[in-house]
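Nothing in this text is a laboratory measurement; each read-out follows from the coordinates by a stated rule. Keep in mind that this is a model prediction, so the values were computed, not measured. All Cβ positions, even for glycine, are placed from backbone atoms using ideal geometry, and neighbour counts span all protein chains on display.
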Amino acid sequence: AQSVTQLDSQVPVFEEAPVELRCNYSSSVSVYLFWYVQYPNQGLQLLLKYLSGSTLVKGINGFEAEFNKSQTSFHLRKPSVHISDTAEYFCAVSDNSNYQLIWGAGTKLIIKP
Amino acid sequence: DSGVTQTPKHLITATGQRVTLRCSPRSGDLSVYWYQQSLDQGLQFLIQYYNGEERAKGNILERFSAQQFPDLHSELNLSSLELGDSALYFCASSVGDSILGETQYFGPGTRLLVL
């Protein structure tokens with residue numbers, strides 16, 4: 001069965017520092033991977049997604065993620081974070097065996113001034 | 001603004017009561033998904049409707065039900081409410097019927113507090 005593991009529940013980082021939010025999944029077939037962001041008191045919105053092709057995916061607000069099939073990972077990165085990036089970030093996966101999105105538990109990104 | 005609207009924004013009710021949450025999808029979207037987000041369970045998929053028909057069920061309790069109307073808006077009915085039902089309920093919509101790789105667009109949520 002599919003599962004998604006977000007390894008950190010919280011990631012504190014200083015403003016303008018780089019950040020990596022980790023996501024690992026389990027699936028034996030081709031996967032489709034997503035990162036969504038939830039700003040305080042808002043719904044979720046899509047940051048980026050990997051369907052096929054280039055393993056480096058660029059999203060909105062300067063975020064990017066790299067699909068690594070051998071390590072079954074899809075880590076999210078940003079070279080320099082801003083206070084406005086304070087939010088919770090969710091990784092999700094779907095594949096040919098289960099069309100519904102399977103969600104990770106979320107990672108809260110805390111930006112320290 | 002995702003184009004998905006949910007009402008009400010907040011709801012406070014008592015245990016044992018019944019409430020109805022409403023969702024209007026983005027224009028042109030045929031699928032509606034309902035999710036529950038709570039501190040202890042995280043984001044849980046409840047149910048999906050596509051063009052008026054139920055398509056997939058997740059961790060939805062028997063006390064909960066949903067429907068999608070001909071105008072494509074959807075309602076989630078929660079009955080015999082318990083304290084543990086307090087959560088944020090999200091609706092999302094997409095164009096197709098769980099098309100692989102398709103983006104879901106989320107509404108702002110309804111915050112339910114059961115006292």
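Points worth noting:
- Taking the conditions (1) over 19 Å from residue B:1 (Cβ atoms); (2) within 14 Å of chain A (Cβ to nearest Cβ); (3) within 16 Å of the chain's Cα centre (by Cα) in turn, residue B:77 satisfies each one other than (2).
- Yes/no for residue A:17 being more than 21 Å from residue B:107 (Cα to Cα), more than 14 Å from the chain's Cα centre (by Cα) and either more than 10 Å from every other protein chain (Cβ to nearest Cβ) or part of a strand (DSSP E or B) (or both): yes
- Residues within segment A:69-109 that are over 18 Å from residue B:42 (Cβ atoms), of a type in the set (Val, Ile, Thr) and within 17 Å of the chain's Cα centre (by Cα), tallied: 3
- Per the listing B:24, B:38, the residue uniquely in contact with a His (Cβ under 9 Å, 6 or more places away or on another chain) and polar (S, T, N, Q) is B:24.
- Looking only at segment A:65-108, residues that are surrounded by fewer than 18 Cβ atoms within 10 Å (Cβ to Cβ), among the acidic types (Asp, Glu) and within 14 Å of chain B (Cβ to nearest Cβ) come to 1 in all.
- Within segment B:90-104, considering residues that are more than 8 Å from every other protein chain (Cβ to nearest Cβ) and touching a Lys or Arg at 6+ places or on another chain (Cβ under 8 Å), the one farthest from residue A:45 (Cα to Cα): B:97
- You will find that of A:24, A:61, the residue that is away from chain B (no Cβ under 14 Å), in contact (Cβ under 8 Å) with a residue 12 or more places away in the chain, in contact with an Asp or Glu (Cβ under 9 Å, 6 or more places away or on another chain) and not basic (Lys, Arg) is A:61 and no other.
- Failed criterion for residue A:41 (all others in (1) farther than 21 Å from residue A:84 by Cα; (2) free of Cβ contacts under 8 Å to residues at least 40 places away in the same chain; (3) exposed (fewer than 12 other Cβ atoms within 10 Å of the Cβ) hold): (1)
- Identity of the residue in segment A:31-56, in contact with a strand residue (DSSP E or B) (Cβ under 6 Å, 6 or more places away or on another chain) and of a type in the set (Ser, Thr, Tyr), that ends up farthest from residue B:106 (Cα to Cα): A:55
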